[in-house]
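Quick one: structure below, then a few questions.
The values are calculated or read from the model by the stated rules, or taken from the named source; none is laboratory data. Remember, predicted model here, so these are calculated numbers, not experimental data. All Cβ positions, even for glycine, are placed from backbone atoms using ideal geometry, and neighbour counts span all protein chains on display. Note: areas computed on protein heavy atoms with side chains; ligands, DNA, RNA excluded. Shrake-Rupley method; radii C 1.70, N 1.55, O 1.52, S 1.80 Å.
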4 protein chains.
Amino acid sequence: MKIKAGIIGATGYAGLELVRLLLNHPQAELAAMSSVSFEGKRLSDVYPAMRQIEDRILVDEDTVLDQCEVIFASLPHGLSQPLAARCDAAGKLLIDLGADFRLKDEEAYHQWYGGRFEDQALHDKSVYAVSELFREEIKGARIIANPGCYPTSAALGLAPLLKNGWAETEGIVIDSKSGTTGAGRNLKENTHFPNCNEAFGPYSVASHRHTPEIEETLTRLAGRRATITFVPHLLPVNRGIVSTMYVRLTGAARPQEAWALYEDFYRGEPFIRVLPQGQTANLRDVRCSNYCDISLHPDPHTGRLVVVSTIDNMVKGAAGQAIQNMNLALGLEETAGLGMIPPAF
Amino acid sequence: MKIKAGIIGATGYAGLELVRLLLNHPQAELAAMSSVSFEGKRLSDVYPAMRQIEDRILVDEDTVLDQCEVIFASLPHGLSQPLAARCDAAGKLLIDLGADFRLKDEEAYHQWYGGRFEDQALHDKSVYAVSELFREEIKGARIIANPGCYPTSAALGLAPLLKNGWAETEGIVIDSKSGTTGAGRNLKENTHFPNCNEAFGPYSVASHRHTPEIEETLTRLAGRRATITFVPHLLPVNRGIVSTMYVRLTGAARPQEAWALYEDFYRGEPFIRVLPQGQTANLRDVRCSNYCDISLHPDPHTGRLVVVSTIDNMVKGAAGQAIQNMNLALGLEETAGLGMIPPAF
Amino acid sequence: MKIKAGIIGATGYAGLELVRLLLNHPQAELAAMSSVSFEGKRLSDVYPAMRQIEDRILVDEDTVLDQCEVIFASLPHGLSQPLAARCDAAGKLLIDLGADFRLKDEEAYHQWYGGRFEDQALHDKSVYAVSELFREEIKGARIIANPGCYPTSAALGLAPLLKNGWAETEGIVIDSKSGTTGAGRNLKENTHFPNCNEAFGPYSVASHRHTPEIEETLTRLAGRRATITFVPHLLPVNRGIVSTMYVRLTGAARPQEAWALYEDFYRGEPFIRVLPQGQTANLRDVRCSNYCDISLHPDPHTGRLVVVSTIDNMVKGAAGQAIQNMNLALGLEETAGLGMIPPAF
Amino acid sequence: MKIKAGIIGATGYAGLELVRLLLNHPQAELAAMSSVSFEGKRLSDVYPAMRQIEDRILVDEDTVLDQCEVIFASLPHGLSQPLAARCDAAGKLLIDLGADFRLKDEEAYHQWYGGRFEDQALHDKSVYAVSELFREEIKGARIIANPGCYPTSAALGLAPLLKNGWAETEGIVIDSKSGTTGAGRNLKENTHFPNCNEAFGPYSVASHRHTPEIEETLTRLAGRRATITFVPHLLPVNRGIVSTMYVRLTGAARPQEAWALYEDFYRGEPFIRVLPQGQTANLRDVRCSNYCDISLHPDPHTGRLVVVSTIDNMVKGAAGQAIQNMNLALGLEETAGLGMIPPAF
């Protein structure tokens, strides 16, 4: 019998992507979906692409909780904490795509999101889940903090350097570019077509909420305090993130062995592709898939290594990694339901 | 044991799409792929999106023929006729994505493509395969002419009217718009990014090679001679076709019952979605899927019905329909390997 | 001394385009601009592209009326009628980019826009102003109804046929495609980037408000009742309209002389380019300019002529034609301020 | 009488942009244009956007030299050196949009471009011409090296810091993103629409030819050796460059006074817009204009200043700056012919 999975917040972009993936998952079934904005409507009323595919009615959060064993939540900040308490009490697995459980440092959470940790015990139970980096903790976890899209691209791109002491950890430059789905389905000035098409620029320069999340993760990987300058940009494409990262190397590093370092680190990983020397990552090649492509570019001139990491922000950066984490948490095949091949065009 | 399928011409866009679909097909396996231009290379050398997914070497046509029971061919005009002879002799199923077997009228073929029918017997055996319209003939066929992308959108959009005598068959206007993948992977002036982006216009006005194919099919559906004015346009998107079709109605037609007519005609079809009154088809909703969406718009002012039909040119307009036809020809579940859900964004 | 021109509704897209054009006009100066939504702000606060170029404060309508001799109005339906009364009383030239004075038939206006003609005398004074087609009337006019974008492309494309009795006037098919600026600066679902990018489809099929405006104009040109089926589509580009028009020819027509007919009709016109046989109009070639390109395509097969007409919806379809009309009304050089060369990329 | 200007290499993208600008220049006339690929054709045969605007025949290089006083050259590497010799002998002003005279260091030229300095005297006469930074040298110069597009954006963005000793000059990170016109009009895999649309990634990572040009300029501005890590990316837009630059500040710097520093430095400059605190540069706001927008973003967390600089690669990054340099060299009004207002959409 299939696992009953439910989605709270199914009409946001990450929610819809979860629907798509769950409908094709061999061992889970999408049992219920809720939406505050569209409760009582069909998902296909909101997204005509889903006609004949998913015509069920959007219910409320309580119904999802009642009917499902695994709860995916894609909610505004602050709403996942009370939900986690309910899931915990009811013995359900919560995979939270919001920010409530991503930071371990309550002060940082307060500073960047404005809220407080309502129950420290839940935070202690929760696992921050970049699947490849924290796999052992994810197995059996019951509250899973699914990472942000930018932090996923950054952490996967830098982990081999940080774990091996190759990188100076102060002031890593992370220049990221994201497609517009990262800004969500709500109408905004910066994603109004004539403002966004034939346009490009940074936003939230050195002040984006993913900064503390990236720093916490890099610090943990490095075993010592890491700081970053993080600048996201808005790309005129629907999907995808490219992070171009500039790392000063330590004495321990041997730039010409960077490829070997990464290949060793990610050997056997089904979703990480370390590109061979001379190739360059491009979001085109990972779109609509759960892959993370990483390319490496030593700059002997300045003693830096440039690391380029690219993912689909909606898949590996959100719904795909959430499915991967469900698979891990429940002991399923890690790749189940994630066989999407990037379309290339 | 899985059916061994092979692709001749695997590095063109339709070829790559076939690869993607076959790799996820539950009852077929991709046994071999050929490419004249890239023989000896890996498919992933040509399309980096395929790294770790399909790294096998591209072989020659003979090897594909040797190793496979089902041959998908995506070749320039004229090359499929000799291939069909070989497949026929060897008892293999050929699904031809080129134009060689699409037209039954040799004079039309000669006029529009310049060649001749080399062996009329092969043409007699071949089946023109819009899956939903000619399903019974496709079952058990051994030479399948997979329809063109524009003709698929037009025939599916107009069939209910023509089969029921609702449409005047002289001078139907078909105004179609296609994404750039329709122009193929070869570099061309009109698909050079700065020429194509922020640009739009028709091409091959009233002179496109798909004109006779559409007319043959409409004539066959109507049971009397049908003529069209067909104007394709190039859209600055990767995928998708929208055909906006203008039909003068006969006395038999009752415009307000158009939705019922279409719903009856396509009842139970897994890949045809007749949109309810008030909704409008958009290529966004079928992209990367095998769906054909059809919306209907009576214009009482002029006594016309406007029919809008949209497909993904690479899927329902090429590789997806080819898989559907393989499934039909071999008696597999018709939807096998075609469960792709359009991503909506 | 320069003519003092003012804009009421300067922060809409047509308003901003007027600002751009007036700032480079050799004989007019932009004296004042109003905006209901942004009164008291600078135009460059709303459009950062205008920093250092136009940093004046947006005022109210009364101030514009006080300070200017020529008033350009870009307002929602219904608001231009009272404004026209004020301009008329004050002896000022009004160039209205809204719909209030476009239709001569009050019943049609009521049916499509919901309002009434408040003062028939003003409507009698007003001139519907496709510059090339109604030039003599525009000279000296004091209330100018600047045509809609789609109607401009349609009327310019069909005028030579209709004036010369070449076209059957019943049921002309006009299949138009517009860039997203046509939908305006207000945020809407259909111009949210992820909904609009990699998307395409029709809207308001056979029910768009420009239908009666086009029919009135074609009827006037033909000298007998003309009807159309008009279907607009939304293109994923910022600017431009392409109208593909399907005309059944009368016995008077000689298709091979179509180019000569058009060249004669538009001889000496600075902004109309009749393309030579074998070439096809594309919005790329008129973007950001006041040109209208027209290409002709006989279809002997069905006895139709396909006419393709393309303009920049914001320039020839709005602000550019408004300037051209001001020039005509005031006896200035018709091309003054309109020397923009389309950038080609 | 107007100055006679000519273009050698008029059918490349920079060449066409020069045509557009010269046709609207009040004090210069476009007297002749050459093209090796299209000699004998009309410019409007190559670019249909130019129909009726510029229908003259493309001639050969000699004719341009004969007929013109000012020569703009947009040629492949190596071809401008012999041309400069001819211009010098004939007393003509050469504005070279190629790379031959950009580098003062012959070894660097040899390393990155493969050629040699054929006549050092010509190089000594030549002036590297970022208009705002080297204005005094440009006045009266006879061989002008028009800077590369990336170097223009970088130099303008960093000059105030470097001239004032605010920046650590080792290892400045320059992460740049360019529209596709930067890759030119020749067909290439990476600018084939389906490869480039819905795609994004870096290229020539830490190995782009503009690296030594940027370093020479920054070194000169700083008065001490500057090194950079430079990574360009290809954006799916037609025009525009955004450079996001990461600078470690020296003890001399007072980040909160950065805006004042830049405003002082660029006070009175007609084409440089230093954005106020809180605003962010976007290529949308400079497209099709000669502006360079600069925004500043201190990152107290890491002691860095992030500088964002954006230009239109075809205008301020090529043809526009070339016109500005002609104006300076000949003592014309510096802004003559450069009044283009960015369209905002």
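How big is the C-alpha Rg of chain D next to the rule-of-thumb value 2.2 N^0.38 Å, as a ratio?
Taking N as the residue count of chain D, the ratio is 0.96.
Taking H as built 1.01 Å from N, whose amide H comes closer than 5 Å to the amide H of B:S289, not counting residues under 5 places away?
The list, which skips near neighbours in sequence, is B:D312.
Please give the average number of partner chain Cβ atoms lying within 10 Å of the Cβ of each residue in B:134-140, rounded to a whole number.
What the average comes to for B:134-140 is 0.
So, one more: Report the local net charge at B:N195: Lys and Arg +1, Asp and Glu -1, summed over other residues whose C-beta lies under 10 Å from its C-beta.
Taking every Cβ under 10 Å from that of B:N195, the sum is +1.
Which lysines, on any chain, are close to A:K188 with Cα under 20 Å apart, when same-chain ones fewer than 8 places away are left out?
Reachable lysines: A:K177, C:K188.
If you don't mind, there's one more thing I want to ask. Based on the alpha-carbon gyration tensor of the protein assembly as shown, what equivalent-ellipsoid semi-axes (square roots of 5 times the eigenvalues) come out, in whole Å, largest first?
Semi-axes from the Cα gyration tensor: 45, 44, 33 Å.
In straight Cα distance, which aspartates and glutamates are under 16 Å from B:K41, not counting same-chain residues fewer than 8 positions off?
Candidates past the 8-residue exclusion: B:E54, B:D55, B:D60, B:E61.
Also: Counting only Cβ atoms, what residue of chain D lies nearest to the axis that sends chain D onto chain B, and how many whole Å off?
It is D:L187, 2, counting Cβ atoms only.
Okay, moving on. Using a 7 Å offset from Cα along the direction of the beta-carbon, what are the separations from A:R42 to the same position in each other copy, nm, ascending?
Reported distances to equivalent positions: 4.5, 5.2, 5.6 nm.
In addition: Residue by residue through region A:177-184, which ³J(HN,Hα) values in whole Hz follow from phi under the Karplus form 6.51 cos²θ - 1.76 cosθ + 1.60 (θ = phi - 60°), with glycine and proline marked x?
Result, ordered by residue: 9, 10, x, 6, 5, x, 8, x Hz.
Sticking with this structure for a sec: Which lysines, on any chain, are close to A:K139 with Cα under 27 Å apart, when same-chain ones fewer than 8 places away are left out?
A:K2, A:K4, A:K92, A:K104, A:K125, A:K163, A:K316
Hey, another quick one. In a solvent-free Debye calculation with one equal scatterer on each Cα, what is log10 I(q)/I(0) for region B:156-208 at q = 0.13, 0.15, 0.28 Å⁻¹, listed in the order of the q values?
Log10 I(q)/I(0), no solvent term: -0.51, -0.62, -1.21.
Could I get the Rg over Rh figure for region C:1-70? Both from C-alpha atoms, Rh via Kirkwood, rounded to two places.
Radius of gyration relative to Kirkwood radius: 0.93.
I would also like to ask the following. Pairs of alpha-carbon atoms within less than 8 angstrom and 6+ residues apart define the contacts here; what relative contact order does region A:168-251 have, in percent?
Answer for region A:168-251 is 57 percent.
How would region C:192-345 be classified by its alpha-carbon gyration tensor: rounded, prolate or oblate, with rounded meaning a/c under 1.5 and the a/b versus b/c comparison settling the rest?
Rounded, because the longest to shortest axis ratio a/c is under 1.5.
Let me ask something else. Put a point 7 Å out from Cα along the line to Cβ at B:L187; what are the distances to that point in the other copies, in nm, shortest first?
Result for B:L187, in nm, nearest copy first: 0.8, 4.2, 4.3.
I would also like to ask the following. Which whole number gives the average count of other chain Cβ atoms within 10 Å of the Cβ atoms across peptide D:202-209? Walk me through the intermediate numbers first.
Numbers: counts 12, 2, 2, 9, 10, 3, 0, 0.
If you average over the peptide's residues, the count of other-chain Cβ atoms is 5.
Then there's this: Rounded, prolate or oblate, given the Cα gyration tensor of region D:93-173, with a/c below 1.5 counting as rounded?
oblate
Over the Cα atoms of region B:243-309, Rg to Rh with Kirkwood Rh, two decimal places?
Result: Rg/Rh = 0.98.
Could you please state, rounded to a whole Å, how far the C-alpha centre of region C:108-145 is from the C-alpha centre of region C:224-240?
Region C:108-145 and region C:224-240 have Cα centres separated by 21 Å.
Tell me which of C:A344, C:G91, C:V64 sits at the most positive position along the dipole axis of chain C, charges placed on C-beta atoms (Lys, Arg +1; Asp, Glu -1).
The one lying farthest along the dipole's positive direction is C:A344.
Give me a single rounded figure for C:218-230: the average over its residues of other chain Cβ atoms within 10 Å of their Cβ.
Mean shielding by partner chains, rounded to a whole number: 2.
What are the ³J(HN,Hα) couplings of region B:48-54, residue after residue, when phi is run through the Karplus curve with 6.51, -1.76, 1.60 and θ = phi - 60°? Round to Hz, x for glycine and proline.
Once θ is set to phi - 60°, the couplings for region B:48-54 become x, 4, 8, 3, 6, 9, 9 Hz.
Starting from the exponent 0.38 and prefactor 2.2 Å, build the expected Rg for region A:39-114 from its residue count and divide its actual Cα Rg by it.
1.33
Going 7 Å from Cα along the Cα-Cβ axis for the label, what nanometre distances separate C:G114 from the same residue across the other copies?
Listed shortest first, these distances are 3.5, 5.9, 6.7 nm.
If one computes the Cα centroid of region B:250-295 and of region C:287-309, what distance in Å separates the two points?
If you average the Cα positions of each part, the centres end up 30 Å apart.
What relative contact order, as a whole-number percentage, does chain D give when Cα pairs under 8 Å and 6 or more residues apart are counted? Working shown, then result.
Values: 759 pairs, mean separation 59.8, N = 345.
Relative contact order, chain D: 17 percent.
I want the local charge near D:Y291. Using Cβ-Cβ distances under 12 Å, sum +1 for each Lys or Arg and -1 for each Asp or Glu among the other residues.
Overall, the nearby charge balance is 0.
In square angstrom, rounded to the nearest 10, how much accessible surface does A:S44 have for a 1.4 Å probe?
Taking all protein chains as shown, A:S44 has close to 10 Å².
Same structure, new question: Remind me, relative contact order of region D:5-85 in percent, using alpha carbon pairs under 8 angstrom and six or more residues apart?
38 percent
Amide H neighbours of C:E168 under 5 Å, counting only residues 5+ apart in sequence or on other chains, H built in-plane at 1.01 Å?
C:R248, C:L249, C:T250
Local charge sum around C:F117 (other residues, Cβ-Cβ under 13 Å, Lys/Arg +1, Asp/Glu -1)? Numbers along the way, then the final one.
Numbers: positive: C:R102, C:K104, C:R116, C:K125; negative: C:D100, C:D105, C:E106, C:E107, C:E118, C:D119, C:D124.
Here the charged neighbours net out to -3.
Now for a separate question. Sorted by packing (mean other beta-carbon atoms within 10 Å per residue), highest first, where do A:130-139, C:13-22 land?
Put in order of decreasing packing, that is C:13-22, A:130-139.
Using Stokes-Einstein with the Kirkwood hydrodynamic radius over Cα pairs, what translational diffusion coefficient do you get for region C:160-283 at 4 °C and a viscosity of 1.567 mPa s, in µm²/s rounded to a whole number?
Numbers: Rh = 16.4 Å.
D = 79 µm²/s.
Apply the Karplus parameterisation 6.51 cos²θ - 1.76 cosθ + 1.60, with θ equal to phi minus 60°, to every residue of region B:109-114 and state each ³J(HN,Hα) to the nearest whole Hz, in sequence, with x for glycine and proline.
Values, residue by residue: 4, 5, 5, 8, 10, x Hz.
Using the Cα gyration tensor of region A:21-149, with a ≥ b ≥ c the square roots of its eigenvalues, what is the shape: rounded (a/c below 1.5), prolate (a/b larger than b/c) or oblate (neither)?
On the way: a/c = 1.92, a/b = 1.59, b/c = 1.21.
Since a/c reaches 1.5 and a/b is larger than b/c, the shape of region A:21-149 is classed as prolate.
Take region B:100-244, drop everything but the C-alpha atoms, weight them equally and run the Debye formula without solvent; then report log10 I(q)/I(0) at 0.12, 0.15, 0.16 Å⁻¹ to two decimals.
Here the Debye-derived log intensity ratios amount to -0.54, -0.83, -0.93.
Check C:R304: other-chain or 5+ apart residues with amide H under 5 Å from its amide H, H built from backbone geometry?
C:D299
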